[in-house]
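As structure tokens, the structure follows; a few thoughts come after it.
The values are calculated or read from the model by the stated rules, or taken from the named source; none is laboratory data. Just so we're clear, the structure is a prediction, and the values are computed from it rather than from any experiment. Heads up, the Cβs are rebuilt from the backbone with ideal geometry, glycines too, and the neighbour counts pull from every protein chain shown.
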Amino acid sequence: MRAYHVATLICGTLLLLSISGGKSQSPGSETKRDSTGGRENKNAEIYAELGKAPEKARNRVNPLENDPDAVTAGRLLFEDHCAECHSENAEGGKKAPSLRAPEVQNATPGALFWLLTNGVVRKGMPVWSKLPEPQRWALVRYLKSLGVAQTPGNENGAAQKRETHND
């Protein structure tokens with residue numbers, strides 16, 4: 001009787017291992033890698049951080065929304081603090097994702113402000129809470145003025161940029 005239980009246990013274990021191994025090897029379940037070297041998945045994780053902003057933070061309104069000088073001030077701050085990682089045109093680089101991606105451009109100003117304030121240190125985004133609030137809001141205003149980067153197949157990019165870049 002004991003041999004029967006041992007054999008059943010071994011068969012059950014092998015069955016579980018083959019089922020769990022089969023799930024990870026099933027067609028279409030492997031991580032897709034492309035010319036970006038897997039950055040798309042990493043960027044998706046980073047963009048997902050915007051969704052972690054508490055509702056109260058997401059609902060905050062940018063006090064500099066109608067300030068005509070905020071975009072220029074934000075651009076200067078971006079050049080000083082952000083361009084090194086996100087690139088001069090904010091379209092991303094090896095160190096950081098594009099800030100002209102729809103995930104960023106469709107985020108609320110409050111969510112962007114929250115992310116700037118809290119950072120995502122484990123993903124390489126520094127905490128900018130020591131930067132005065134008006135400067136963080138100017139950065140948000142600048143980022144929102146950029147619009148979505150136009151890529152092949154994204155005919156709305158130019159239209160969105162024109163709509164959002166009127167200061």
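Things to note:
- For Thr36: the one exception among (1) at pLDDT 60 or above; (2) not in a helix (DSSP H, G or I): (1)
- Scanning region 43-77 for residues that are farther than 16 Å from Pro109 by Cα, of a type in the set (Val, Ile, Thr) and at pLDDT 95 or above returns a single hit, Thr72.
- With a requirement of 1 or more residues that are basic (Lys, Arg), the helices (runs of 4 or more DSSP H) lying completely within region 48-90 that satisfy it span 55-58, 70-81.
- Test: Gly93 is in a helix (DSSP H, G or I) and not aromatic (Phe, Trp, Tyr): no
- The lone exception for Glu88 - which of (1) closer than 13 Å to Leu50 by Cβ; (2) without any contact (Cβ under 8 Å) to a residue 12 or more places away in the chain it fails: (1)
- Scan of region 58-103 for residues that are under 16 Å from Val127 (Cα atoms) and over 11 Å from the mean Cα position of the chain (by Cα), ordered by number: Leu77, Phe78, Asp80, His81, Cys82, Ala83, Glu84, Cys85, His86, Lys95
- For region 72-99, filtering for residues that are surrounded by fewer than 19 Cβ atoms within 10 Å (Cβ to Cβ) and out of contact with any Cys (no Cβ under 8 Å at 6 or more places or on another chain) leaves 15.
- Against the test of being within 20 Å of Val148 (Cα to Cα) and basic (Lys, Arg), the options Lys123, Lys95 yield a single qualifying residue, Lys95.
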